[in-house]
Each structure stands twice: as structure tokens, then as C-alpha cells.
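**Student:** Next up is a structure, given as C-alpha cells.
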Amino acid sequence: MIFDTHAHYNDEKFEDDRDTLLASMPENGIGLIMNACSNLGEIPDILALCDKYPFIYGAVGIHPEDAETAEDGYLDALREYSKHPKIKAIGEIGLDYYWTTDTKEEQQRILGEQVDLARELGLPVIIHDREAHGDTLRILKEHKVWECGGVFHCYSGSAEMVKEITDKLGMYIAFGGSLTFKNAVKPREAAAAVPIERLLIETDSPYLAPVPYRGKRNSSLYLPRVISQLSEIRGIAADELERITYENGKRLFGI
């Protein structure tokens, strides 16, 4: 069975066929899905998916692009939503300097506060890090992320940074469809460097569909493409890699 450790099935791109698509997952070898969150407004829909599908679990958090929406009391709201038995992480949270640097300070404050909340609740974090490696690592260290653990989703850092994330911070690293892109030299080098017990797979659905579906809507059904690429990189049989990443995901999220 396959564990898609990062997806967004509450996204409007699944509006027309969400139930049909999700109902097909078990028969296609998808055993577990972690549905990540971007803002407070999404959480009711995420909880509804968790309640409807036994194989879907959820995370709650404020995405860096939504940092400005984090009004007073947002931490109390996240704390309350986290009481749901299928909420297993705080995320996705992090820093994103790709689109704008105008909210840097706000993003950094919100990230630190949410890591502290994760430590308080004993939940791992799901980290979004885009064009912000140095600040992301600094804040995670300052807020003792190793006390709650977590994962760098859709990893875009270097192979050299892998050791710091896995050994010093005690975190996992996840790869998705971008690993199959023709110019993905850096991600493939990083994927080869991750300790096998810290390796995860994901889709980030509906985004980042793997080759040959690049540019189309992504879904967990395309994960065998990612597994095949990882199998080639790691020199491990695909079915064994599937088993290892499934168990790794369960261990991280306490499922």
C-alpha cells in the first residue's frame, strides 16, 4: 500500500469528481492520505474528508502565503481543531520567499508560533520551504523542532542540507512529482542522500503531477511514477520502497 503524505483534496480542482476519485483509492493501492491545510477557512472541509474516508487524515495550520490571514486567536483555533482524533500534524507551515518578500517578518513569526504549538500538542510539523532555506532552518532550530518532529514536504534543498534536517533536526524529507522532471538533478541528488528511514513520498495534489502527466491535475493515483523514479535512484525494488515509505509515514504521524 502507498501513503500519500501530502495532498489537498479539499481544493476546488477536485470539485467535480472528488468523491468518485477518493472512493477509488483503496482499490488502486492507496492506503493512506494526509490532507494538508493552508488556512483556517479550509479546516471544516478537511475535517469532513477525514470523517468520510477512513484512510484520510488531516493537518491544520497557516501556510506562509496565508500568513497575513492569521488574526488574533488563530493559535487557539488551531489548538481546538487539533482535538479531532484524525488531525495528526500542524501544517503546512513554513516560509515562502518565491512570490513575495514583503511578509518575511510575519511569515517568520507565524512559523515560530506554530512550531511552538506543535511541541505543546505533541504533533509533528509539515514544513513548506521555498527560497528560504537559511531562515527556515534557523527558526526550526530556535524553536526546538526536534521535540515534535516533522517533514520537509516537496523538498527543494540540497543533498548537503539533508544531513542537517535528518540528523540534527530529526525530521523526515518527502519527494513528489517534481522528482520525475527532466531537469530535476538537485532533487534526485537529495533523494539519494536521505536516510531510508527518513524518506517519504507525496503528491501535493492537485499540483506537481509527475511526468508524463506534468501540467495536469495531480492525484495519489500517480504516485507509482514517483516510486518508480525513487526505486531507480535508490537501487531498491519498488514494492520494498512502497512498504518502507508507508511505514515511515505511519511512524511520523502516529497512525
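**Student:** When all alpha-carbon pairs of the chain are counted, what percent fall beyond 33 Å?
**Tutor:** 11 percent
**Student:** Describe numerically, in nm with one decimal, the distance between label points set 7 Å from Cα along Cα→Cβ at ALA237 and at THR20.
**Tutor:** Label-label distance for ALA237 and THR20, simple model: 3.6 nm.
**Student:** What are the radius of gyration and Dmax of the range 124-255, computed over its Cα atoms and given in Å?
**Tutor:** Calculated on Cα positions, Rg and Dmax stand at 14.0, 41 Å.
**Student:** Give or take rounding to whole Å, what are the principal axis extents of the alpha carbon atoms in the range 1-112, in descending order?
**Tutor:** Taking max minus min along each principal axis of the Cα atoms, the range 1-112 gives 45, 30, 25 Å.
**Student:** Would you mind checking LYS141/LYS186; LYS13/LYS163; LYS52/LYS163; LYS13/LYS86; LYS141/LYS216; LYS88/LYS141 for any pair whose Cα atoms are more than 32 angstrom apart?
**Tutor:** Over 32 Å apart, Cα to Cα: LYS13/LYS163; LYS52/LYS163; LYS141/LYS216.
**Student:** For the range 128-152 and the range 73-122, what is the separation of their Cα centres, given in Å?
**Tutor:** Comparing the Cα centres of the range 128-152 and the range 73-122, I get a distance of 12 Å.
**Student:** Turning to a different aspect of this structure: 222 nm [θ] for the chain, helices only, -39500 (n - 2.57) per DSSP H run of 4+, per residue, to 500?
**Tutor:** -11000 deg cm²/dmol
**Student:** Next question, about the same structure. Take the range 112-192, drop everything but the C-alpha atoms, weight them equally and run the Debye formula without solvent; then report log10 I(q)/I(0) at 0.22, 0.25, 0.27 Å⁻¹ to two decimals.
**Tutor:** So the normalised log intensities are -0.99, -1.21, -1.36.
**Student:** Please identify, among ASP102, ASP135, ASP239, the residue showing maximal mean-square fluctuation in a Gaussian network model of the chain using a 10 angstrom Cα cutoff.
**Tutor:** In this elastic network of the chain, the residue with the biggest mean-square fluctuation among ASP102, ASP135, ASP239 is ASP102.
**Student:** Counting C-alpha atoms alone, how compact is the range 64-126: give Rg to one decimal and Dmax as a whole number, in angstrom.
**Tutor:** 11.9, 36
Each reported figure results from applying straightforward, stated rules to the coordinates on display, with no laboratory input. The structure displayed is predicted, hence computed values, not measured ones. Quick reminder, even Gly has a Cβ in these numbers, built from the backbone with ideal geometry, and neighbours come from all protein chains shown.
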